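Novice: Take this structure, written in structure tokens, and hold onto it; I'll ask about it next.
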Amino acid sequence: MSKFTKTIIMQTFLKLLNERSFDKITVKDIVEECGINRNTFYYNFKDIYDLVDEILQKEINEIVEKNKSFNLWSECLLYATNFAIGNKKAIYHLHNSEKKQQLDRYLERVLYDVIAGFVAKKSEGKNVKKDDIEFVAKFYCYALLGLLDKWLDNGMKEDIYEIIEKTGVMLDSNVEKALDSLTEQKI
């Protein structure tokens, strides 16, 4: 029952966050919408901030697990983007709230895990230092984070799938070249 209740609270919060800004949502709003009492909310979460942490961590876990079954990094990123598109206003409200840092950490974690996995696969059989592999992954992670941040700043108006597709072309064609160059430097 507790897992079910926790899920209902999380879904209700996302519904409310899709309707209004983060700072306009209270525990009272959530419990009234769910039809539960405040004690039930506080049994499951310390506060609304803890609730946001749990939602984002749940999404990270799902994406990291799904990443294992994708062949292309862009497939995983598109999967992750579906959460943002399905909760467009909620993500926008988080981006424009005091929880922006939390959202940024979520995006960074997802992007880094996805891109690092891709870079690691591309480095197999090459004599590249682990530090260099991490540098390449971080470079593309932060580049994509910058693009996503601008996308959010502009109200999520551009086609995110097009952004990911274009980034994919650059990533797919340049990662191997970067890894080869780093390998050649060691010779």
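Novice: Multiply the residue separation of LYS150 and SER2 by 0.36 nm, subtract the distance between their alpha-carbon atoms, and state the gained length in nm to one decimal. Walk me through the intermediate numbers first.
Specialist: Details: separation 148, 0.36 × 148 = 53.28 nm, distance 3.84 nm.
Roughly 49.4 nm would be gained on extension.
Novice: Here's another thing I want to ask about it. Looking only at Cα atoms, what is the convex hull volume of the chain per residue, in Å³?
Specialist: On the way: hull volume 22.4 nm³, N = 187.
Normalising the Cα hull of the chain by residue number yields 120 Å³.
Novice: Among ALA84, ILE133, GLY117, which residue has its Cα positioned farthest towards the positive end of the charge dipole of region 52-184, with +1 placed on the Cβ of Lys and Arg, -1 on the Cβ of Asp and Glu, and the dipole taken about the Cα centre?
Specialist: So the residue we want is ALA84.
Novice: Equivalent-ellipsoid semi-axes (√(5λ), Cα gyration tensor) for region 68-163, whole Å, largest first?
Specialist: Values: eigenvalues 144, 41, 23 Å².
For region 68-163, the semi-axes come out at 27, 14, 11 Å.
Novice: Let me ask you something else. Roughly how tilted is helix 2-19, in degrees to the nearest 10 and between 0 and 90, from the longest Cα axis of the chain?
Specialist: Around 80 degrees separate the two axes.
Novice: What size of dipole, in debye to the nearest 20, comes out for the chain about its Cα centre when the only charges are +1 on Lys and Arg C-beta atoms and -1 on Asp and Glu C-beta atoms? The partial results should precede the final answer.
Specialist: On the way: 28 positive and 31 negative charges, 66 e Å.
Charge dipole of the chain: 320 debye, to the nearest 20.
Novice: Between LYS88 and ASP50, what FRET efficiency comes out of the Förster formula 1/(1 + (r/R0)^6) with R0 = 22 Å and r the beta carbon distance, rounded to 0.05? Please list the in-between numbers first.
Specialist: Working: r = 24 Å, r/R0 = 1.07.
E(calc), rounded to 0.05, equals 0.40.
Novice: A further question on this structure: Give the calculated FRET efficiency between GLU32 and ASP131 to the nearest 0.05, with a Förster radius of 41 Å applied to their Cβ-Cβ distance.
Specialist: On the way: r = 52 Å, r/R0 = 1.27.
That gives a FRET efficiency of 0.20.
Read-outs: derived from the displayed coordinates by stated rules, not from any lab. This structure is a prediction, so every number in the text was calculated from the model and none was measured. Cβ sites come from the backbone with ideal geometry, for glycine too, and all protein chains shown count toward neighbours.
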